[in-house]
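The next block holds one structure in the form of structure tokens; read it before the comments.
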Amino acid sequence: MSWLKPLSSVWKNTLSKSIQYGAEILHSRIPYSPDNPYLEGIFAPERQEHFSINLKVEGQIPAELDGALMRIGPNPINVKNPCNYHWFTGDGMLHALRLKDGEAHWYKNSYIGSASVQEKLHRPQIPGKTRGVADAVNTNVISFAGKIWALVEAGAYPVELNAALESRRHHLFEDDQDMPFTAHPHIDPETGDIHAICYDALSQNKVFYLQIDSKGKLKHQVEIPVKHGPMIHDCAITKSQVLILDLNVNFSVRSALKGSMLPYQWNPKRQARIGILPFGGQVADIRWYEIDSCFIFHTVNAYDLDSGNVVMDAVVHSKALVSSSQCPIEDQDIRLERFIFEHGTGKVFRTVLSGTKQEFPRINDAYTGRKHQYIYSISFGEFDDPYHVSSNMLLGHDLETGHSESYSFGENWVTGEVIFVARGGAQAENDGWLMSYIHALDGNPSRVVILDAQQMTAGPIATIHLPVRVPVGFHCNWIDYRKLRINYS
Ligand SMILES: [Fe+2]
């Protein structure tokens, strides 16, 4: 501020602080600035927690579904500086729709009780210490070891939810060790063990592989040396190995000094690589494969071939987190790709499975680590959307036939992540249902849709009308209540 030069340093500081204080007051009076698209429209937070019954249903909910469709996402309670708010950092809110006996029993939404949420809402802190990083727990919700857990990456402990879906404690599942965790662990369908690559935002020279058994106890851990503090949002597992994504979005000191709420940035200068570590192995057992610069938020799946080669399918971004302090996705290529890692040579063969812009890829989870035929994802680009994240198209890919099909939820509707729920006793990989929360562009309440996965282009077989608007968020999962250890009624 050149006009401050004639003033003494004391006055400069006083005046600067006054301006900053004044700006904060102004910001606090604005109900989330229109300058930040992730605070308005379909992203605008829901202010209240609700519990509703007597939900309107069109069509027929499959009678064998006994559980809840849970979706989590950012829902900031207050934002000091809306210009600087990043979508990835908002306070977490859970949305749950309970289905049983062919009926929609209730809908509920509740904040995830991280330390800052409890403080902002004047609620008592929940037990278990927080790890001091990534306080907002807003990215994924899973059932594991018979309970329901909310997850985030960059180090924070999972948050256990009780039967009322209230936050009960911060904890590394049923283990007492102080280890960082992630939003994208993968559960081996045969053993029930959970495998995860985890990083701690406060430590840039190492990441961790954790294997936790089906009872929630830490079984194996490996500290993996890295450089530049890579953001590792996801990993992948085969039947016998875990894949480590050490790519081109890294911790940025410059970004941190500028006060960014998410101090990670695109770093094309470093060599991107993917490591393959056998279950039970150590650092020396990792085989690293160098690849061209890119970033992967989400893998689809991976599996071993008899030759010793490994296949991994993933959504690949040509770049990410390049310049915007608000937006994870800018003008970048996004493709569904297959990687084949050749054993013993270090060579990687890449092919494009689909050139359509898409994200949130899912499969039938029973095929995790095994060869899969079907991938479901959501496309981007149908709207004149400068923020690149509004999607109204469900995509289904059949990798055997090479055929892809799509279903649009209509001009007024944006869909979140679509998940696959297998029919009980199903023999075919695609015998089940596709489910998602969909969001109205005109601001009306959201809905949940259920489609027959084998006839997805026919549209929903059931639509459940929710009482409120659910902001567009992150991950969604079907929580099967018959597999939980305590009574989540
Ligand atoms: Fe994710």
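The values are calculated or read from the model by the stated rules, or taken from the named source; none is laboratory data. Small disclaimer: the values here were computed from a predicted structure and weren't measured. Because the Cβ atoms are built from the backbone with ideal geometry, glycine has one as well, and the counts that use them run over all protein chains shown. SASA here: full protein model, heavy atoms, side chains in, ligands and nucleic acids out. Shrake-Rupley method; radii C 1.70, N 1.55, O 1.52, S 1.80 Å.
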May I ask you to verify whether Thr463 is closer than 19 Å to Gln60 by Cβ and open to solvent by 10 Å² or more (accessible area, probe 1.4 Å)?
yes
Within segment 357-391, of all residues that are at pLDDT below 80 and in contact with a Phe, Trp or Tyr (Cβ under 8 Å, 6 or more places away or on another chain), the one most open to solvent (accessible area, probe 1.4 Å) is Tyr387
Those strands (runs of 3 or more DSSP E) completely within segment 203-304 that have 3 or more residues that are more than 16 Å from the ligand (Cβ to nearest atom) and open to solvent by less than 20 Å² (accessible area, probe 1.4 Å) are 206-212, 241-246, 272-278
Condition set under 19 Å from Ile375 (Cβ atoms) and in contact (Cβ under 8 Å) with a residue 60 or more places away in the chain, scope segment 421-435, selection surrounded by the fewest Cβ atoms within 10 Å (Cβ to Cβ): answer is Arg423
How many residues of segment 129-156 are open to solvent by less than 40 Å² (accessible area, probe 1.4 Å), more than 16 Å from the ligand (Cβ to nearest atom), closer than 14 Å to Arg169 by Cβ and not in a strand (DSSP E or B)? The answer is 1
For segment 69-87, pairs from a residue that is in a strand (DSSP E or B) to a residue that is among the acidic types (Asp, Glu), with Cβ under 8 Å and 6 or more apart or across chains, are Arg71/Glu417; Pro74/Asp91
Those residues of segment 405-415 that are assigned to a loop (DSSP other than H, G, I, E, B) and either touching a helix residue (DSSP H, G or I) at 6+ places or on another chain (Cβ under 8 Å) or open to solvent by less than 10 Å² (accessible area, probe 1.4 Å) (or both) come to a total of 0
Within segment 157-202, residues among the aromatic types (Phe, Trp, Tyr) and either closer than 29 Å to Lys108 by Cβ or more than 15 Å from the ligand (Cβ to nearest atom) (or both) come out as Tyr157, Phe173, Phe181
Scanning segment 51-64 for residues that are assigned to a loop (DSSP other than H, G, I, E, B) and open to solvent by 50 Å² or more (accessible area, probe 1.4 Å), the one modelled with the lowest pLDDT turns out to be Asn54
Scan segment 332-339 and give yes if some residue there is modelled with pLDDT of 95 or more, within 16 Å of the ligand (Cβ to nearest atom) and surrounded by 19 or more Cβ atoms within 10 Å (Cβ to Cβ), otherwise no. yes
